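What follows is a single structure, written as structure tokens, with notes after it.
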Ligand SMILES: NC(=O)c1ccc[n+]([C@@H]2O[C@H](COP(=O)([O-])OP(=O)(O)OC[C@H]3O[C@@H](n4cnc5c(N)ncnc54)[C@H](OP(=O)(O)O)[C@@H]3O)[C@@H](O)[C@H]2O)c1
């Protein structure tokens, strides 16, 4: 049987790496995986995970999603000249008071999370449309559906990705192309270490007023506790990606965790937003005693 050709962005670590390993190691050899990463000097970890023995199911390609030439060069290297499943996974986080972020840093977040995702989809969409089949799976976030304090720019970029995909999904029904957003909560990957973060220790908050600094300190503690208490293992999240890849007609949204569902429902039930804002404030900033 012909293999399903899958291309994944951001495979140097975390979810992308895990998904590439999982698909390339499929016991039935059902997938041919193009695992892409912007820096090929990081490929050793992936090779070690597949123990160098997946020559027929895995190829590693350079692809920086913010560089259109790099994206097009990767397209040209796909031997099958088609991608059945495109996984737009590469992404970066940004945390801190809004007034601390430089324009360049904020632009970089949008270049990767939004425009990089758009460029990747643009590169593979014509092929999928002409074959009248395909799946586009995007690593999104609970932060793409609900605002999170001190994640303003990251959330803005993921909200934009949600709007992009929801809009695309409507037209792509005509072409038998399914768009799926995987709504991740906290996951135990390098993501938190890789987040661009205003650090209270390094002086980057000096220009910020004391009240905001205090709130940001509380948020960082909350974030640490949240990751300790509810972060999912990558394997649990990969199961959701596999369900979306295998389903004949996957839905638009797949939640990896139910943990944030009460806040999600509150947001949808009170459309003027005030109850969500109050509840999220309580969730992050209220002391443990106030929460119970
Ligand atoms: N982990 C979480 O808690 C969490 C929660 C919600 C959503 N997500 C989403 O899940 C996705 C994967 O994150 P992860 O948890 O696996 O984190 P991760 O381990 O930090 O992986 C992020 C990947 O994106 C790559 N990347 C960054 N900029 C790129 C670019 N310009 N071109 C190509 N690749 C680029 C990174 O490559 P380098 O190694 O070269 O930097 C890395 O391979 C992201 O979209 C993230 O927003 C994660």
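Restricting the search to strands (runs of 3 or more DSSP E) fully inside region 25-99 and requiring at least 3 residues that are away from the ligand (no atom under 14 Å from the Cβ) gives 31-37. Against the criterion of being within 16 Å of the ligand (Cβ to nearest atom), in contact with a strand residue (DSSP E or B) (Cβ under 9 Å, 6 or more places away or on another chain) and over 13 Å from residue 120 (Cβ atoms), residue 18 does not qualify.
Put simply, of 218, 232, 258 the only residue that is over 16 Å from residue 184 (Cβ atoms) and either surrounded by 11 or more Cβ atoms within 10 Å (Cβ to Cβ) or without any contact (Cβ under 8 Å) to a residue 40 or more places away in the chain (or both) is 218. Output the residue which, of all residues in region 102-116 that are touching a helix residue (DSSP H, G or I) at 6+ places or on another chain (Cβ under 6 Å) and free of Cβ contacts under 8 Å to residues at least 60 places away in the same chain, is farthest from the ligand (Cβ to nearest atom). Per the criteria, the residue is 106.
Scanning region 236-254 for residues that are in contact with a helix residue (DSSP H, G or I) (Cβ under 8 Å, 6 or more places away or on another chain) and more than 13 Å from the ligand (Cβ to nearest atom) gives 242, 245, 250, 252.
For the condition surrounded by 22 or more Cβ atoms within 10 Å (Cβ to Cβ) and touching a helix residue (DSSP H, G or I) at 6+ places or on another chain (Cβ under 8 Å), what is the one hit in 121, 60, 65? Among 121, 60, 65, only 65 is surrounded by 22 or more Cβ atoms within 10 Å (Cβ to Cβ) and touching a helix residue (DSSP H, G or I) at 6+ places or on another chain (Cβ under 8 Å). Looking only at residues of region 172-206 that are assigned to a loop (DSSP other than H, G, I, E, B), touching a residue at least 60 places away in the same chain (Cβ under 8 Å) and in contact with a helix residue (DSSP H, G or I) (Cβ under 7 Å, 6 or more places away or on another chain), we find that the one that is farthest from residue 45 (Cα to Cα) is 205. When residue 105 is tested against the conditions (1) touching a strand residue (DSSP E or B) at 6+ places or on another chain (Cβ under 8 Å); (2) crowded, with 20+ Cβ neighbours inside 10 Å, the lone failure is (2).
For region 152-170, a tally of residues being near the ligand (Cβ under 10 Å from one of its atoms) and farther than 23 Å from residue 11 by Cα returns 0.
Condition first: closer than 15 Å to residue 83 by Cβ and either in a helix (DSSP H, G or I) or within 13 Å of the ligand (Cβ to nearest atom) (or both). Now tell me which residues in region 1-15 satisfy that. Hits for region 1-15 are 7, 8, 9, 11.
This table checks each residue for (1) in a helix (DSSP H, G or I); (2) more than 23 Å from residue 179 (Cα to Cα); (3) at pLDDT 95 or above.
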{"position": "106", "(1), (2), (3)": "yes, yes, yes"}
{"position": "114", "(1), (2), (3)": "yes, no, yes"}
{"position": "118", "(1), (2), (3)": "yes, no, yes"}
{"position": "121", "(1), (2), (3)": "yes, no, yes"}
{"position": "128", "(1), (2), (3)": "yes, no, yes"}
{"position": "137", "(1), (2), (3)": "no, no, yes"}
{"position": "143", "(1), (2), (3)": "yes, no, yes"}
{"position": "149", "(1), (2), (3)": "no, yes, yes"}
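Residue pairs whose Cβ atoms lie under 7 Å apart, sitting 6 or more positions apart in sequence or on different chains, and linking a residue in region 43-66 that is over 15 Å from residue 90 (Cα atoms) and touching a residue at least 40 places away in the same chain (Cβ under 8 Å) to a partner that is away from the ligand (no atom under 13 Å from the Cβ) and part of a helix (DSSP H, G or I), are 57/24.
In region 189-219, which residue that is at pLDDT 95 or above and in contact with a strand residue (DSSP E or B) (Cβ under 9 Å, 6 or more places away or on another chain) is nearest to the ligand (Cβ to nearest atom)? Step by step, filter region 189-219, then rank; the result is 219.
The values are calculated or read from the model by the stated rules, or taken from the named source; none is laboratory data. Predicted, not measured: the structure shown is a model, and the values here were computed from it. For neighbour counting, all protein chains shown are included, and Cβ atoms are generated from backbone atoms with ideal geometry for every residue, glycine included.
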